[in-house]
Structures are given as C-alpha cells and as structure tokens.
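Reviewing the structure listed below.
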C-alpha cells in the first residue's frame, strides 16, 4: 500500500502486495500543485505471477445447474461450453470457473496459455 502524507511517501505491504516487490520497486511523483487530487504511482518491477493449477470446467458447469457438464466444441481454448439439461451448448465464464475451482485464492485470474490448446486454461495469482 502506498500512502502519501504531506510530502512524505510511505510504503507498507499487506496480503494484497505482489511477492518479491520492495520499496525500491515503487516510484511516485507528487504533484507540484497542493490542490491536486491525484498522483502517479509506477511499479518499476513487474509483479511475479504463479500458476495455481488447472480449472475444473466440468465441476463448474454442473455447479451452476448444467447437468450435461462441459463440452469442447472446437479446437481452441475459446470453444468450451456448458451443457444444460436441454442439451443446448451455452457459453461459460472462465473467471467464474476459476472462482469456483479456487475460492480462497486472492487476486487470481484465469488465463489460457495458448489459444490453440483448449486444455491450457489455468488459475494464476500473485
């Protein structure tokens, strides 16, 4: 967390801070105008993200009432669909599947490593 008090910049780190960052990895430019309401904060080092594991797409689809589970209807990572009781294939949210698979992983996101590899979806987190 970056706090600006008067002309002093103080940094503290909490559970949301990306691992591996130190105070020297953050720069802040204080506005010259005392009436300014914002400032620019820049990370000089990119946060490190780690893969937590794959997504349980079948479990996700079934958990939201799509009793037919999951279906891969093409050759790319965007071709996954849930199958509801009526058999019609419907779109699914990979971020919702990530939340269902990893409910306690904070600041996580889903990402396909390769658009041409359907099974490359995974949960990533800092």
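Worth pointing out:
- Residue count for region 94-126, restricted to those that are over 24 Å from residue 47 (Cβ atoms) and surrounded by 13 or more Cβ atoms within 10 Å (Cβ to Cβ): 3.
- Of the strands (runs of 3 or more DSSP E) that lie entirely inside region 53-121, those containing 1 or more residues that are under 13 Å from the mean Cα position of the chain (by Cα) span 108-112.
Rule-based calculations on the coordinates, nothing more; no lab input. Small disclaimer: the values here were computed from a predicted structure and weren't measured. Please note: Cβ atoms are built from the backbone with ideal geometry, for glycine as well, and neighbour counts cover all protein chains shown.
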